1. By per-residue mean of other Cβ atoms within 10 Å, what is the highest-first order of 7-17, 159-169?
2. Rounded, prolate or oblate: pick one for region 18-170, where a ≥ b ≥ c are the square roots of the eigenvalues of its C-alpha gyration tensor, a/c under 1.5 means rounded, and failing that, prolate if a/b is larger than b/c, else oblate.
3. Can you bin region 56-136 into rounded, prolate or oblate? Criterion: square roots of the alpha carbon gyration tensor eigenvalues sorted a ≥ b ≥ c, rounded for a/c under 1.5, prolate for a/b above b/c, oblate for the rest.
4. Mind ordering 28-39, 102-113 by average Cβ neighbours within 10 Å, highest first?
5. Quick one: if you stick a label point 7 Å off each Cα along the C-beta vector at Asp149 and Ala108, how many nm between them?
6. What does the helix-only formula give at 222 nm for the chain: each DSSP H stretch with n ≥ 4 adding -39500 (n - 2.57), the total divided by the residues, and the result rounded to the nearest 500 deg cm²/dmol?
7. Normalising by the residue count of region 4-168, find the relative contact order in percent from Cα pairs under 8 Å and 6+ residues apart.
8. Residues with beta-carbon under 9 Å from that of Asn148, excluding Asn148: net charge, scoring Lys, Arg +1 and Asp, Glu -1?
Amino acid sequence: MKKTVIVINGSGGVGKDTLCGFAAERYRTVNYSSIDPIKALARQAGWNGEKDDRSRKFLSDLKRLTCEYNDLPTVYLIGRCREFLAGDAEVMFVHIRECEQIAHFIEAAAAEGITPLTLLVRRGEGRTYGNVSDDNVEGYDYDLTYRNDKPLEAAREDFLRFFEENIAGR
């Protein structure tokens, strides 16, 4: 399999991390999120890792500010892409929630000679969190969509089949 960068997105709780784990059973993968450097800043400001609505909004607002100030999330992710290209992993999952940040990352990656695929994961009806990052994930025109609505073991085989047919075979 050639090296593949996949921007993965979906509402909270749809199983993105679980699906990435399934792919890691078959492929050498790495996972990065545009929120990783923001969480480091948030910890310095007193955030303790909570995933409640208030904390999610804080992280979303902080991310928006760093995007405007110095493009920290994209700079961070492009650095991880360079490491990925130099390393032995086959698949890099990039977690980005905001549609405009997905588009911006795709543009920045293209400047590096990278053409990421975009993947939306859905399951049931998405809930509202009250922040731009989580509530607008459907607003991007994704390359692929995966419906994660099966029990865990069936989802493993279904997603790996989907991955083989739509991603690994490209």
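1. Details: 7-17: 19.9, 159-169: 15.5.
For the peptides 7-17, 159-169, the packing ranking is 7-17, 159-169.
2. Details: a/c = 1.71, a/b = 1.24, b/c = 1.38.
Taking the square roots of the gyration eigenvalues as a ≥ b ≥ c, region 18-170 is oblate.
3. oblate
4. Details: 28-39: 18.9, 102-113: 15.2.
Order by mean packing, descending: 28-39, 102-113.
5. It works out to 3.5 nm between the two label points.
6. Working: 7 runs with 82 residues, N = 170.
Only helices count here, giving -15000 deg cm²/dmol.
7. RCO, region 4-168: 37 percent.
8. Values: positive: Lys16, Arg122, Arg123, Arg147, Lys150; negative: Asp149, Asp158.
My count for the surroundings of Asn148 gives +3.
All of the numbers you see were taken from the coordinates with simple rules; none came from a lab. These figures come from a predicted structure and were not determined experimentally. In this analysis, Cβ positions are derived from the backbone assuming ideal geometry, glycine residues included, and neighbour counts consider all displayed protein chains.
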